[in-house]
C-alpha cells in the first residue's frame, strides 16, 4: 500500500485474512478480527449519525482501552482525526483542548456539567446504539485527506501541545516497530499494561492490529507478579513496560541464573532512562529479548538498545533505528563533534507532520527542517547513542550547566537512598541552586549525603539542599515530574 492508504485499510486486510484470530483482549472481553471489524464498522456508522464527517476532529475520553481502539479505527475509516484525551480530565480541560486543537466532538463518560465548546457523545448511549444497530456490513475506509492523529504531550495542565500525524507518517512510524528486537517475523501477541491515553501503548496497539497480531490489555495497576504470571500463562511474544514495572520484574528475578521470561521474544522498556546495571540485569535475568526503546511523540522511535549491545553499552540507548537521521547542536548553536554532547535533532519518514498549540522553547519543536525532541546526547565512533539529559531539566547554576541525571546516578549508589530526583530552584545569587529530593531507604541524614557528594561530585555539581520526601511524583509512563516537586516544596 502507498502512503495514500488509510491506516484502517491494514486492519481491514488482516480481518479478511484472519477473521477468527483474537485481535484484542481486555480482561474478560475479547474480540476476533472478524468481530472487531464488524463492531468498528458499526461504530463508524453511529459516529456519522452523531455528525462526525471526514475532517472532524474527535476527542476520545473513555477509560476502557478496548473502546479506545474500536473508536480509533472507526474514526480513521471515516477520515476523521483522533485525539485521545485523559478520561479523568474535566470540562475546563476539554474546552481548552477543543480551542487549541479545533475538536468538534468528544466521546466521554457523562454529560458535561456546564457549557461545552464541542458536541459531547456520551459513551454508554453510544455503545447502546452500536449494539442495537442492525447493519453489521463491512465499512469501507475512505481515502484519507485529513490528519490521522493529534497526540498530546503537555499533560493535563497548561497550554496543550498537539503532535499531528497524517496517515502516511503514522504508517511509517508503525514500520519502525515491525520486527523490532528480533530478526524473525514480528511476535504474534503483545501485552500492554498502560492505558491507551499514552502514546507508546497507543502506537503499539494500533501497529499490532495493523500487523494481524493479538493485543492483550492488562489492568493498569497490575502488580509485577501478575504481569509475569500473565506473560507466562498466555505465552505472550512481546511486552512493553515502563521502568517501575521493569524494576518490579527484577525484584522477582532477584539475581536468578535462568531467565524469568525465557519465551518472551521482545521485552521493550521505555518511558524514561534506566540505570546501566538494571539493563544488564533485565537482559540476563528476564529475557535475552530485552530491549530499550528511545522515542518521542514528535519523532517516533529514534534508537534501540538490544541483543549483545545491552551488555556492551548498558548506559546507552543503542543504535539508530531504520531510516532515522540525527545531528547534535552545542549550546552556542554550532554542530557538536563525535562524542560531544549536544541538543538532539532528528529527521526521517516517521517524524510528525505538524505541531498545533504553542511549541515549547526547549523541546517539541521544528527548527531548520529538523525535529527537536528536547533531549541532549552524544554519538560515539561505534554509532552508539547515549543520552546526557533533557534540555528542559538542565540546571544553570552560576552560569554552569548541570545535568540532574548525572547527579541522580551517583546518589543512587548510596545505600540510604531508595529513590531520588534532582532539580533546580530559583536562587537570587546563582540563578538556580541544586536540590536533591530523596526518598530514604534507611535513617540517612542530609549531612551524610553532603559528605557523600563531596567525595563523588565536582563542587559545581553538588546539591546544596536535600529535601526528604515520602515519594516522588511519576507520570503514567514512569517519568519523574521534577516541576511538581519544585512547585510543591519550593513555591514562589
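Values in this text are rule-based calculations from the coordinates and carry no lab data. None of these values were measured; they are calculated from a predicted model. Every residue, glycine among them, receives a Cβ derived from its backbone with ideal geometry; neighbour counts consider all protein chains shown.
Worth a mention:
- Centroid-to-centroid separation of region 236-306 and region 34-50 [C-alpha atoms, Å]: 36 Å
- Cβ-based exposure ranking for 489, 216, in which fewest neighbours within 10 Å come first: 489, 216
- Along each principal axis, taking the top coordinate minus the bottom one, the Cα set of the chain gives 73, 53, 44 Å in descending order.
- Theoretical gain in end-to-end length, residue 429 to residue 450 [0.36 nm per residue, Cα-Cα removed]: 5.5 nm
- Once the Kirkwood radius over Cα pairs is known for region 191-390, the Stokes-Einstein relation at 25 °C and 0.890 mPa s delivers a diffusion coefficient of 138 µm²/s.
- Here the relative contact order of region 191-390, from alpha carbon pairs under 8 Å that lie six or more residues apart, stands at 14 percent.
- Tensor-based shape of region 395-489 (alpha-carbon gyration tensor, a/c under 1.5 rounded, otherwise prolate or oblate): oblate
- Residues of region 119-146 with amide N under 13 Å of the 7 Å Cα→Cβ point at residue 28: none
- By the beta-carbon count within 10 Å of each Cβ, the least crowded to most crowded order of 453, 83, fewest first, is 453, 83.
- Ranking of 332, 460 by count of other Cβ atoms within 10 Å, fewest first: 332, 460
- Residue-averaged [θ]222 nm for the chain, counting only DSSP H segments that reach four residues, each worth -39500 (n - 2.57): -8500 deg cm²/dmol
- Per-residue extension of 0.36 nm, minus the Cα-Cα distance of residue 353 and residue 140, leaves a gain of 74.1 nm for this segment.
- Spin-label model, residue 460 to residue 124: label points 7 Å out along the Cα-to-beta-carbon direction sit 6.1 nm apart.
- Here the contact order of region 361-480, divided by its residue count and restricted to Cα pairs under 8 Å and six or more residues apart, works out to 18 percent.
- Pairs of Cα atoms nearer than 8 Å and 6+ residues apart set the relative contact order; for the chain it is 11 percent.
- Scattering curve values for region 78-142, log₁₀ I(q)/I(0), Debye with Cα scatterers, q = 0.12, 0.22, 0.28 Å⁻¹: -0.38, -0.99, -1.27
- Among beta bridges that DSSP assigns inside the chain, antiparallel share in %, nearest 5: 60 percent
- Shape of region 2-94, Cα gyration tensor, a/c cut at 1.5: oblate
- The peptide list 386-397, 161-172, put in order of mean Cβ contacts within 10 Å with the highest first, becomes 161-172, 386-397.
- For the pair residue 99 and residue 258, a Förster radius of 60 Å applied to the C-beta separation gives a FRET efficiency near 0.60, rounded to the nearest 0.05.
- By average C-beta atoms within 10 angstrom, highest first, the peptides 8-18, 44-54: 8-18, 44-54
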